[in-house]
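Following: one structure in structure tokens, then a few remarks.
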Amino acid sequence: MSTDSRATEPVVDYDEVLKKYDPVMGLEVHVELNTATKMFCGCATGFGAEPNTQVCPVCLGLPGALPVVNAAAVDSAIRIGLALNCEIAQWCRFARKNYFYPDMPKNFQTSQYDEPIDFNGYLDVELADGSTFRVEIERAHMEEDTGKSLHIGGATGRIHGADHSLVDYNRAGIPLVEIVTRPIVGAGARAPEVAKAYVAALRDLLKALKVSDVRMEQGSLRCDVNLSLRPKAEDANAQNDVPLGTRTETKNVNSLRSVERAVRFEMTRHAAVLNSGASILQETRHWHEDTGVTTSGRVKSDADDYRYFPEPDLVPVAPARERVEELRATMPEPPAERRHRLQNDWGYSDMEMRDVMNAGAVLLIEESVAAGATPAGARKWWMGELARRASVEGRDLADFGVTPAYVAELDALVASGRLNDSMARQVLDGVLAGEGSPLAVADARGLQLVSDDGALSAAVDAVIAANPEVADKVRDGKLQAAGALIGQVMKEMKGQADAAKARELILEKLTAS
């Protein structure tokens with residue numbers, strides 16, 4: 001056992017965890033639907049509005065205000081269920097989930113309890129090595145979001161150490177679908193990878209359905225990670241007979257990378273507790289992105305503690321079978337089929353496509369190509385420079401601040417001869433610094449390849465004259481030596497020369513018979 005310097009609690013090395021314990025996960029993903037209005041009222045749902053400007057008596061829970069179900073949200077919930085291979089309820093209803101929290105104005109959340117709209121589904125998830133892992137879906141149910149608490153005065157933005165808190169109720173009442181898995185068993189050492197791959201596949205599916213913008217950094221897709229450990233059975237065939245351990249729930253994890261890291265950390269923390277002879281406390285945990293650890297939140301309530309009862313102000317929802325079939329007809333092509341079609345369209349090798357999938361870049365490249373990028377150019381930028389920078393900063397590509405339209409514009413600037421790759425990387429610096437689109441950055445910084453053959457020819461002559469020994473090597477047939485001269489030409493012209501044209505001129509001047 002060791003004590004991680006970032007952690008407040010002891011942890012066990014990951015390999016040691018796997019020798020003794022079997023991880024069991026449950027993932028709860030909350031999806032904010034992109035309807036124009038809230039779940040039970042006509043208030044707008046736009047992100048980023050001034051606090052408490054998108055509220056009304058219904059979503060504030062004022063006396064006498066009566067809710068009405070958003071039909072578009074019901075349609076979206078049905079389409080999500082169909083995409084997850086769920087059964088669609090012929091009759092379901094809402095319930096009140098009773099608990100107090102300052103950002104929940106009614107002191108209860110209108111949700112679905114024992115009668116969800118979608119149930120008994122699954123999602124097949126492709127892992128990094130090309131294998132497939134089936135995640136079974138217990139349910140997907142409709143509910144409303146809560147408001148947002150803003151903790152002022154502390155160093156971390158959390159309630160601990162804050163001077164006071166403010167509440168913004170704009171988000172209260174926004175339609176949510178919560179997708180709940182059955183216990184995920186059998187993942188073993190790959191549990192963190194499975195968790196990340198599942199949320200990534202779910203995000204891609206929801207975006208293809210166009211029911212949510214699934215922006216994790218804005219909270220429109222959030223994952224609660226439930227994890228427990230159980231002792232490893234001596235006989236692997238008997239592992240499923242071993243009782244499940246006590247679980248913890250890490251709340252509101254909001255990036256793919258963090259989902260993977262949270263599972264891994266909780267496995268090492270649980271093992272340390274169990275190895276010490278203590279018991280796991282069933283509780284919620286807070287994930288800390290900066291340190292990569294979880295800390296204790298509150299004791300986790302069971303369903304009975306929420307005192308669920310049917311919502312008396314809403315009639316049951318009974319989707320007509322004809323409507324379900326109409327919605328089935330709107331479903332996009334299955335993700336696996338879509339990936340294979342895109343791979344063929346783009347001309348990627350199996351390894352290239354797998355790398356794109358593992359980086360969560362399929363949609364990004366698809367949208368870049370749709371915006372005008374070449375498949376090769378889109379892959380070069382997303383999987384090269386942008387992936388490198390995202391990795392250095394520990395961020396997901398999709399949340400990195402560069403849009404597919406910007407990548408298409410950058411690719412076009414290079415393809416047209418306006419920029420070379422070195423200059424394009426400078427443009428990316430400007431885009432990430434908030435200076436505007438690639439074209440705007442290139443214009444503002446005066447970045448453009450020199451197209452004046454005379455100027456380039458003069459620079460080549462100057463470099464040849466300044467490097468006679470290298471020039472003689474090229475004359476003697478050692479053409480690779482031209483690379484040193486090209487580098488000097490680029491330096492002479494401050495990186496704004498066309499390297500291919502410079503090479504052509506150098507060889508023309510030095511090898512002409």
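The values are calculated or read from the model by the stated rules, or taken from the named source; none is laboratory data. The model shown is predicted, which means the values in this text are computed figures rather than measured ones. Backbone-built Cβ (ideal geometry, glycine too); neighbour counts: all protein chains shown. Surface areas here come from the heavy atoms of the whole protein model, side chains and all, with no ligands, DNA or RNA. Shrake-Rupley method; radii C 1.70, N 1.55, O 1.52, S 1.80 Å.
Distant-in-sequence amide contacts of Ser165, defined by a placed amide H-H separation under 5 Å and a gap of 5 or more residues or a different chain, comprise Ile152. 3J(HN,Hα) couplings calculated from phi for the range 105-113 with the Karplus curve 6.51 cos²θ - 1.76 cosθ + 1.60 (θ = phi - 60°) are, in sequence order, x, 8, 6, 8, 10, 7, 9, 10, 10 Hz; Gly and Pro show x. Put a plus charge on the Cβ of each Lys and Arg, a minus charge on the Cβ of each Asp and Glu, and nothing anywhere else: the dipole of the chain about its Cα centre is then about 360 debye. Take every pair of alpha-carbon atoms less than 8 Å apart whose residues are at least six positions apart; their mean separation over the length of the range 281-364 yields a relative contact order of 14 percent.
Counting only protein heavy atoms and a 1.4 Å probe, the chain has 47 square angstrom of accessible area per residue. Rolling a 1.4 Å probe over the protein heavy atoms leaves Ser391 with an accessible area of roughly 90 Å².
For the range 76-191, the calculated P(r), taken from all Cα-Cα distances in 10 Å bins from zero up to the bin holding the longest distance, is 13, 29, 26, 24, 8, 0 percent.
Label Ser279 and Met331 with points 7 Å out from Cα along Cα→Cβ: what is the distance between them in nm? Going by the 7 Å Cα→Cβ label model, 4.4 nm.
Note on surface exposure: Thr110, Thr45 rank Thr45, Thr110 by accessible area, highest first, 1.4 Å probe. Dipole of the chain computed with +1 at Lys/Arg Cβ and -1 at Asp/Glu Cβ about the Cα centre; of Gly130, Thr268, Val463, farthest Cα towards the positive end is Thr268. For the range 343-392, the fraction of 1.4 Å probe accessible surface lying on carbon and sulfur atoms is 49 percent.
How far is helix 421-432 tilted off the main Cα axis of the chain, in degrees rounded to 10, range 0 to 90? Roughly 30 degrees between the two axes. Counting only aspartates and glutamates at least 8 places from Lys232 when in the same chain, those with an alpha carbon closer than 16 Å to its own are Asp15, Glu16, Asp22, Asp241.
Couplings 3J(HN,Hα) of the range 50-63, computed from phi: 4, x, 6, 9, 10, 9, 8, x, 5, 6, 8, x, 6, x Hz, in residue order, whole Hz [Karplus 6.51 cos²θ - 1.76 cosθ + 1.60, θ = phi - 60°; x for Gly and Pro].
Basic side chains Lys and Arg get +1 at the Cβ, acidic Asp and Glu get -1 at the Cβ, and with that the dipole of the range 220-342 about its Cα centre reaches some 460 debye. Give, as a single signed number, the net charge of other residues whose beta carbon lies under 12 Å from the beta carbon of Phe94, with Lys and Arg counted +1 and Asp and Glu -1. Taking every other residue near Phe94 into account, the sum is -3.
A cut-off of 5 Å between modelled amide H atoms, ignoring neighbours fewer than 5 places along the same chain, links Ile137 with Gly121, Tyr122, Leu123, Arg182. Think of the range 192-351 as having a plus end and a minus end, set by charges on the Cβ of Lys, Arg, Asp and Glu; of Ala329, Val315, Gly347, Gly347 sits farthest toward the positive end of this dipole.
When DSSP beta bridges are restricted to pairs lying wholly in the chain, around 95% turn out antiparallel. Taking amide H positions as modeled 1.01 Å from N, with prolines and chain starts lacking one, the residues under 5 Å from Met39 and 5 or more places away or on another chain are Ile174. Compared with the dominant principal axis of the Cα atoms in the chain, helix 256-275 is inclined by about 60°.
Shown here: Cα extents along the principal axes in Å, derived from the displayed model; of the candidates (1) 92, 56, 52; (2) 83, 58, 41; (3) 90, 49, 42, it corresponds to (1). Between the residues Cys86, Gly154, Tyr113, the greatest Cα displacement towards the positive end of the dipole of the range 75-162, with unit charges on the Cβ of Lys, Arg, Asp and Glu, is found for Gly154.
Loop-located trypsin sites (Lys or Arg not before Pro) across the range 292-355 with a Cβ neighbour count of 14 or fewer within 10 Å are Arg307, with loop assigned by DSSP. Normalised by the number of residues in the range 1-135, the mean separation of alpha-carbon contacts (under 8 Å, six or more apart) gives a relative contact order of 15 percent.
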